[in-house]
Amino acid sequence: MSTLPTTEQPGPLRTPRLQLLSQKATVVGRKVTTRHGWVGDYDYAWLCMPSIPFFRKRHVSPPFYGLESEIPLLVAITCGLQHALAMLAGLITPPIIIASSLSLDSETSAYMISASLIGCGKAALLRVTPGFLHAMARDTQSRANVKV
């Protein structure tokens, strides 16, 4: 008994959009409404307790989350706030140092800080827009090929 080969292959299974949206809503609902979604099994004692020298303490490795693992909301919010504050401090410190070393008035110093924040915000928007950089490169290349 021989089977005839077919040229038609089954396509990938497609999940309807509504079902996918329902699954995501269920995951978000579970994350926001449960204790495990907010707190998880993170070792907050390791995070909050200082390591005091000359005290014997059992060696515990720090909690680690993989690339695709789910992070509890409390840890994500705390780390996000820390990241935002560190980023903000890195953005406003150079204009403050430059303005104070040049003995500029407070109005000019505030202007420099605002310009730094606006410039970095625009650069971040460029960075997160993948098609924009490709279009800029294509536009620059087409300008270089135009004969004057």
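The values are calculated or read from the model by the stated rules, or taken from the named source; none is laboratory data. Quantities reported herein were computed from a predicted structural model and do not represent experimental measurements. Backbone-built Cβ (ideal geometry, glycine too); neighbour counts: all protein chains shown.
Counting only helices (runs of 4 or more DSSP H) wholly contained in the stretch 31-106, no element carries 2 or more residues that are in contact with a helix residue (DSSP H, G or I) (Cβ under 7 Å, 6 or more places away or on another chain) and of a type in the set (S, T, N, Q).
Conditions (1) at pLDDT below 65; (2) over 28 Å from the mean Cα position of the chain (by Cα); (3) within 22 Å of Ala84 (Cα to Cα), marked per residue:
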{"site": "Ser103", "(1), (2), (3)": "no, yes, no"}
{"site": "Ser116", "(1), (2), (3)": "no, no, yes"}
{"site": "Val128", "(1), (2), (3)": "no, no, yes"}
{"site": "Met136", "(1), (2), (3)": "no, no, no"}
{"site": "Asp139", "(1), (2), (3)": "no, yes, no"}
{"site": "Ala144", "(1), (2), (3)": "yes, yes, no"}
{"site": "Val148", "(1), (2), (3)": "yes, yes, no"}
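Inside the stretch 23-63, residues that are modelled with pLDDT under 85 and closer than 15 Å to Val75 by Cβ make up a count of 11. Checked against the criterion of being surrounded by 11 or more Cβ atoms within 10 Å (Cβ to Cβ), closer than 30 Å to Ser109 by Cβ and not small (Gly, Ala, Ser), the stretch 43-54 has no qualifying residue.
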